[in-house]
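Report on the following structure.
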Amino acid sequence: MSSKELYLIIREISFPIQVSNVNKKKCLKRNLITSYLVAQPKNPIFSTISFAAIFLLIYTDSIVSNLSITTTFDFETNEIIDPHETDHNNQEQPALEFKSSTLNTTAPLIPTQEKVVEEEDSETQGLLIPPDTFSKEERLVWFRRKLSELEIFKSNNLTRQFHSRVLEFCNSDCEAQFFMTWIAPAKFFGRREFFALESLFKAHPTGCLMILSGSLDSIRGYRILKPLVDRGFKVNAVTPDLAFLFKNTPAEAWFEEMKSGNKDPGAIPIAQNLSNLMRLVVLYKYGGVYLDTDFIVLKPFSGLKNLIGAQSINMKSKNWTRLNNAVLIFDVNHPLLLKFIDEFASTFDGYKWGHNGPYLVSRVVERIREKPGYNFTVLPPMAFYPVDWIRINKLFQKPANEYDSIWVQAKLLRLSKETYGIHLWNKHTRNLRIEEGSVMGRLILEHCILCQHIY
C-alpha cells in the first residue's frame with residue numbers, strides 16, 4: 001500500500017460522517033490500520049512515519065467524535081460552536097424538545113473527492129448571469145459557450161442515483177414529505193435558510209425534507225445540515241437528475257432544447273427558472289409539499305392537501321388576484337401540476353420576472369378554475385403570505401413605543417390563529433437585521449430548534 005493510499009484511508013475515516021454504531025466505525029478503522037501495517041515492508045523509517053500518521057488519525061478522530069456530538073456549524077463565522085453555550089446576544093438557549101434517540105434518520109451519501117473539487121469550482125463561477133448590455137443574439141451565443149460550466153445540466157454518479165435515493169429516503173415513516181431546491185453554491189446557504197429548516201422540523205418533527213441541490217450534496221453541505229441530522233431529523237440533500245425528472249413530461253423537450261443551447265434562457269438567471277420547473281415536476285412525480293427556503297413554518301400542515309396559496313385578493317370581491325408558487329401541496333400525478341408544467345414549457349420567457357413562476361400558476365388556475373376534474377383549493381393570503389413584500393420590513397423592526405408593542409402583540413396573535421407560515425420575500429429582506437422584540441424575532445425564537453444568532 002502506497003503513502004497516497006494511506007492518505008486516502010486517513011481522509012475517508014477521519015471525516016465525521018454519521019455512523020449509527022460507533023463501535024463498528026472503530027472496528028473498521030482498526031481493520032484498515034492493521035491491514036496497512038501488515039502490508040508494509042520492514043523499513044524502520046517508513047514504519048515510524050506510518051505510526052505517527054496512524055497516531056494522529058486516532059487522536060484526531062477522538063476529537064471529531066466529541067465535536068460531532070456536542071457542536072454545530074456557525075453560519076456567521078464558519079466555525080464549529082457549542083450549542084449549549086449562550087448565543088452572541090447572551091440569551092439562554094431553550095431546551096430542545098426532540099431527542100435524536102427517538103427518531104430514525106438516514107445518513108447522507110458522502111460524495112467523492114472529485115465531487116468536492118467540482119463544488120469548489122462551482123462556487124467561483126456564480127450563477128451564469130450574462131452581462132446586462134448583451135442583445136438577445138449575444139446572450140444566446142454567450143450561454144452556449146457557458147453551458148459546459150452549468151453543473152446542474154451534467155450527468156454523473158450522483159445524478160444517476162437520484163431516483164433510488166429519493167425512494168430510499170422517503171420510504172420510511174414520514175409525517176409529511178417536503179421538498180426544497182437550492183441551485184446556488186452551498187456557501188450562500190446561510191442563517192435565514194437554516195431558520196426555515198428549523199421551523200419546518202419544529203412543526204413536523206417526524207417529517208422528511210429532501211433538498212434538490214448539487215452544491216449541498218457535498219461535504220460542505222453535509223456539515224451545514226449536520227446539526228439537524230445529529231438531532232434525529234430527517235433532512236438530506238440530493239443531486240437532482242434533471243433528465244430523469246423531466247422525462248415523460250412536457251418539460252422534456254424544453255430541457256433538451258435548453259441543454260443543447262438552442263433555447264434563449266433570457267436575462268433572468270437560469271437557476272431561478274429551473275427552480276420554478278423542478279418544484280412542479282418533483283411534486284408531480286413524488287407528491288408532497290414544496291417550500292421555498294425563505295419560508296418560516298408556524299404550525300403543522302396537517303390536513304392540507306392539493307392546494308396553492310393566494311398572494312393577494314380583491315378587498316371588495318374577496319377573490320384572489322394573484323397566486324404564488326413558494327408553497328405547493330399536491331398528490332403525485334395531480335392534473336393541475338401537469339398543466340403547470342405544460343404552461344412552463346410552452347410559454348417560457350426568460351426575460352419577464354415571475355412569468356415562469358407566480359404569474360404562471362395564476363394564469364393556469366384562472367383558465368381552469370371553473371373546469372371539473374382538478375380538485376384543488378386556493379387558500380387566502382393569511383395562510384402563507386400574510387404580509388406582502390412591500391410591507392414585510394416592519395416585521396423585522398423592534399417596537400419603538402407602546403403603540404408599536406401593542407401592534408406586535410396583535411400581529412403575533414393573529415398569525416398564531418390564521419397562518420401556517422410566512423414567506424420572507426428574501427430578495428427584499430435578505431439584508432434586513434432581525435431586531436430583538438420584533439415580530440420576526442419573536443416568531444423565529446418560538447419556532448427554532450438550535451436558536452442561535454437570531455438577532
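Annotations
- Pairs meeting the criteria (first residue in segment 339-363 and more than 21 Å from W320 (Cα to Cα), second residue hydroxyl-bearing (S, T, Y), beta carbons under 6 Å, at least 6 apart or on different chains) are I341/T249.
- Residue ID - nearest to the chain's Cα centre (by Cα), chosen from residues in segment 437-450 that are in a helix (DSSP H, G or I) and of a type in the set (V, I, T): I444
- Evaluation of A383 against the conditions (1) more than 29 Å from D230 (Cα to Cα); (2) without any contact (Cβ under 8 Å) to a residue 60 or more places away in the chain; (3) touching a Phe, Trp or Tyr at 6+ places or on another chain (Cβ under 7 Å); (4) open to solvent by less than 90 Å² (accessible area, probe 1.4 Å) shows that the sole unmet condition is (2).
- Meets criteria (on the phi < 0 side of the Ramachandran plot and either crowded, with 18+ Cβ neighbours inside 10 Å or at pLDDT below 90 (or both)) for L128: no
- Scope segment 150-188; condition open to solvent by 80 Å² or more (accessible area, probe 1.4 Å) and aromatic (F, W, Y); matching residues: F188
- In the set (1) modelled with pLDDT of 80 or more; (2) over 15 Å from M210 (Cα atoms), the condition left unmet by F178 is number (2).
- For segment 152-173, the criterion of a residue being modelled with pLDDT under 80 and over 21 Å from the mean Cα position of the chain (by Cα) is satisfied by no position.
- Test for S362: is it of a type in the set (S, T, N, Q), in a helix (DSSP H, G or I) and touching a strand residue (DSSP E or B) at 6+ places or on another chain (Cβ under 8 Å): yes
- Hey, K263 within 30 Å of E175 (Cβ to Cβ) and of a type in the set (K, R) or not: no
- Selection status of L147, open to solvent by less than 60 Å² (accessible area, probe 1.4 Å), touching a residue at least 24 places away in the same chain (Cβ under 8 Å), within 26 Å of the chain's Cα centre (by Cα) and within 11 Å of P265 (Cβ to Cβ): yes
- Filter result (in contact with a helix residue (DSSP H, G or I) (Cβ under 7 Å, 6 or more places away or on another chain) and open to solvent by 20 Å² or more (accessible area, probe 1.4 Å)) within segment 220-242: R220, D230, R231, D241
- Qualifying residue in segment 329-337 (condition: of a type in the set (V, I, T), under 25 Å from D173 (Cβ atoms) and crowded, with 17+ Cβ neighbours inside 10 Å): yes
- Of everything listed in (1) closer than 16 Å to S275 by Cβ; (2) assigned to a helix (DSSP H, G or I); (3) over 22 Å from the mean Cα position of the chain (by Cα), the single unmet condition for G350 is (2).
- Restricting segment 278-316 to residues that are among the hydrophobic types (A, V, I, L, M, F, W, C) and open to solvent by 40 Å² or more (accessible area, probe 1.4 Å), the residue that is nearest to D331 (Cα to Cα): I313
- For segment 395-436, the candidate set comprises residues that are part of a loop (DSSP other than H, G, I, E, B) and either within 19 Å of V297 (Cα to Cα) or open to solvent by less than 10 Å² (accessible area, probe 1.4 Å) (or both); within that set, the residue that is modelled with the lowest pLDDT is R430.
The values are calculated or read from the model by the stated rules, or taken from the named source; none is laboratory data. The model shown is predicted, which means the values in this text are computed figures rather than measured ones. With ideal geometry, Cβ positions are generated from the backbone for all residues, glycine too; neighbour counts draw on all protein chains shown. Surface areas here come from the heavy atoms of the whole protein model, side chains and all, with no ligands, DNA or RNA. Shrake-Rupley method; radii C 1.70, N 1.55, O 1.52, S 1.80 Å.
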